[in-house]
Amino acid sequence: MQILVLIPGILLLPKVCALKCYECIPGPSGSCNATTTDCPFNTQCGSVRTISNMGGSEFKFMGRTCVTPDQCFSGSVNFGFAQVVTNTMCCTSDLCNSQDSPDWSIPSPNGKKCFQCDGNDCTKTLTCNGKEDYCISAAVTVGEETTKIKGCASQMICSNTQTSQISGIIGTKISCCQGDLCNSASITLPAFCSLSHR
């Protein structure tokens, strides 16, 4: 009898709906036409802006789509030869990502220093920018070859969630530490096997 009473109650409960968000992923031309999409459950609407500077060439990306809560962050990572700045604006109502994420240019130096690598030489120092208050070390494996890279990163890039995402995307072993030149120039590759935060 109790089950019969529960069934109408369940049917009358409001249906849990996923968000409807704008989606605009730029193509090769850099532009796109926004459409709407039904997002998966447990995601939000997001607007992302990324600026990367590699070898003096600047690349910009702006897009809108469904994002998971851990993709809602602002941060930067700087290896000297390349710097990436990401700013994501997230919201939790239908079609709320109609605006571009605020512009966030390459930040100014902040006085903190970390080691950086130039080929196999990881004794050079790099001045960190903006909110980059951590030093980062990574071992990137491409085919049979492993390359060390070191530099500066913001706290959000060094969070466990973000380092896991970065590792999964580019196949790196990442380690972060806090303090000037804490990513020692003498560290060896096997030390990168786990994430560490000091």
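The values are calculated or read from the model by the stated rules, or taken from the named source; none is laboratory data. Just so it is clear, the structure is predicted and the values come from calculations on it, not from any experiment. For neighbour counting, all protein chains shown are included, and Cβ atoms are generated from backbone atoms with ideal geometry for every residue, glycine included.
Worth a mention:
- Residue count, the range 134-157 (criterion: buried (at least 24 other Cβ atoms within 10 Å of the Cβ) and β-branched (V, I, T)): 2
- For the residues K131, K124, the requirement of being crowded, with 16+ Cβ neighbours inside 10 Å and either within 17 Å of the chain's Cα centre (by Cα) or basic (K, R) (or both) singles out K131.
- Against the numbered list (1) in contact with a helix residue (DSSP H, G or I) (Cβ under 9 Å, 6 or more places away or on another chain); (2) part of a strand (DSSP E or B); (3) modelled with pLDDT of 85 or more, T146 comes up short only at (3).
- Looking across the range 41-71, the residues that are among the polar types (S, T, N, Q), surrounded by 14 or more Cβ atoms within 10 Å (Cβ to Cβ) and in a strand (DSSP E or B) come down to Q44, S47, T50, S52, N53, T65.
- Restricting K113, K131 to those that are basic (K, R) and under 20 Å from T50 (Cβ atoms) reduces the list to K131.
- Search result, residues across the range 121-158 that are among the small types (G, A, S) and either in contact with a strand residue (DSSP E or B) (Cβ under 6 Å, 6 or more places away or on another chain) or in contact (Cβ under 8 Å) with a residue 12 or more places away in the chain (or both): G130, S137, A138, A139, G151, A153, S154
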